[in-house]
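So the structure is just underneath, and the comments pick up after that.
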Amino acid sequence: MTGDLATVPRKDEPVEDRRRRGWWRDESTESVRRNLGLVGVLLALVVIGAITKPELYGDLNWVLNNTATILQLASVIGVVAVGMTFVITGGGIDLSVGAIIALAGVWSTTVATQKFGAGGMIFTALAVGVGVGLVNGLLISYGRLVPFIVTLAMLVAARGLASEISNQQTQESRSLFINDLAATKWLGIPLLVYIFAMVAAAGWVLLNRTTFGRRTVAIGGNPEAARLAGINVKRHTMLLYVLSGLCCGIGAVMLTSQATSAQAAMANLYELDAIAAAIIGGTLLAGGRGTIVGSLLGVLIFSTITNLFAINNLSTEAQNMIKGGIIVAAVLIQQLQFKSVTRFFARNKLTRN
């Protein structure tokens with residue numbers, strides 16, 4: 001594994017072949033080219049914003065404040081996308097992340113929980129996230145159920161439980177410590193962005209520089225080969241969903257801080273944004289390849305799109321249609337790339353034989 005891209009390793013090609021193709025066609029630089037493309041999309045969105053609202057983008061203070069707003073908007077989805085990247089890289093999917101955030105947020109803001117202060121609220125949110133992730137992991141790994149079905153059922157069940165606990169009411173957070181998380185800034189950057197950066201850095205190290213990351217890629221690429229290599233596929237898959245649940249617990253604390261409250265309807269469609277960010281960032285939907293940096297760029301792209309629609313007073317429905325189109329386009333591109341790589345390997349094998 002090199003750079004920010006975790007993928008299934010293959011035999012090195014002759015140096016002459018790589019030079020002849022050039023770096024822009026070399027598979028080893030695919031992650032760099034993809035990330036540069038995502039940065040280009042971000043810059044294009046900024047240009048569109050400057051063209052549509054020149055009076056706003058001409059004000060430097062507004063630009064700086066708006067950038068901080070986009071980063072804070074991306075922070076919660078970014079944390080969730082880190083966990084989602086691991087799950088998808090391992091060959092799974094988690095449709096319940098938004099519901100887990102809602103359940104963790106509601107449970108942590110009950111009157112009984114708030115009596116224990118900020119520490120009790122944070123512990124409860126993390127414990128609920130890990131607990132629900134563990135249930136997902138056990139049903140998928142040891143129950144041998146399809147991830148799509150399990151997490152879809154959990155989406156409905158967790159939302160229902162959150163609604164029951166909150167009695168369909170908004171629960172106010174009375175913890176000054178938690179409420180101040182979203183209001184506090186260091187060097188002009190919201191504290192939530194620092195939390196997001198720390199989670200992303202930890203995720204990058206875990207995926208690209210540890211045995212856990214290598215096993216995740218191996219299981220996503222070929223679970224049977226991973227099992228024969230001595231990897232406990234069931235236990236590792238379970239841990240991936242626990243990790244996703246942990247990220248949801250962190251996200252619940254962050255989102256509760258932003259709203260100073262929690263309700264059963266919070267984090268609606270967060271699963272869509274997290275999955276979309278991972279896919280357009282370069283994480284292979286079929287598993288076996290994942291990139292944290294790409295996922296973060298994907299999150300920033302979607303957050304910038306949301307911000308762009310807001311300052312231009314455009315509808316949320318149109319925004320969701322564009323997001324859906326981006327997801328479809330990203331999956332189609334992945335399929336075309338996968339087929340071209342497969343043909344490349346097959347052609348090389350025939351040539352060498």
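The values are calculated or read from the model by the stated rules, or taken from the named source; none is laboratory data. Source: prediction; values computed, not measured. Heads up, the Cβs are rebuilt from the backbone with ideal geometry, glycines too, and the neighbour counts pull from every protein chain shown. For the accessible areas, the whole protein counts, side chains as well, though only heavy atoms, and no ligand, DNA or RNA atoms are used. Shrake-Rupley method; radii C 1.70, N 1.55, O 1.52, S 1.80 Å.
Taken over the alpha carbons of the range 163-298 as equal point scatterers, the Debye sum produces base-10 log I(q)/I(0) values at 0.11 Å⁻¹ of -0.53. In a GNM of the chain with a 10 Å cut-off on Cα contacts, which of Gly119, Gly245, Gly91 has the highest mean-square fluctuation? The residue that fluctuates most here is Gly119.
Ordered by solvent-accessible area of protein heavy atoms (1.4 Å probe), largest first, the residues Trp186, Trp62 come out as Trp186, Trp62. Here the range 36-85 has an Rg and Dmax of 13.2, 39 Å, counting Cα atoms alone. Each Cα pair under 8 Å and six or more residues apart adds its separation to the average, and for the chain the resulting relative contact order is 31 percent. For the peptides 266-275, 199-208, residues were scored by their other Cβ atoms within 10 Å and the scores averaged per peptide; the highest-first order is 266-275, 199-208. Here the relative contact order of the range 263-334, from alpha carbon pairs under 8 Å that lie six or more residues apart, stands at 31 percent. Gyration tensor analysis over the Cα atoms of the range 128-204 returns equivalent ellipsoid semi-axes of 31, 21, 9 Å (largest first, whole Å). The slack in the chain from Met321 to Arg235, taken as 0.36 nm per residue of separation less the alpha-carbon distance, amounts to 27.2 nm.
If you bin all the Cα-Cα distances of the range 222-272 at 10 Å, starting from zero, the percentages per bin are 21, 34, 21, 17, 7. Once the Cα atoms are used to define both axes, helix 316-352 deviates from the longest principal axis of the chain by about 20 degrees.
How much of the accessible area of the chain, probe 1.4 Å, is carbon plus sulfur, in whole percent? Of the solvent-accessible surface of the chain, carbon and sulfur hold 66 percent. Based on protein heavy atoms only, the range 107-211 ends up with 56 Å² per residue of surface accessible to a 1.4 Å probe. The convex hull defined by the C-alpha atoms of the range 229-309 has an orientation-averaged projected area of 6.9 nm².
Relative to the longest principal axis of the Cα atoms of the chain, the long axis of helix 117-141 makes an angle of roughly 40 degrees. Taken about its Cα centre, the chain carries a charge dipole of roughly 1420 debye when the Cβ of each Lys and Arg holds +1 and the Cβ of each Asp and Glu holds -1. Once the Cα atoms are used to define both axes, helix 270-281 deviates from the longest principal axis of the chain by about 30 degrees. Average 1/r across all pairs of distinct alpha carbons in the range 55-161, invert it, and you get the Kirkwood radius: 15.8 Å. Which number gives the lysine pairs in the chain that have C-alpha atoms under 23 Å apart and are eight or more places apart or on different chains? Here the count comes out as 4.
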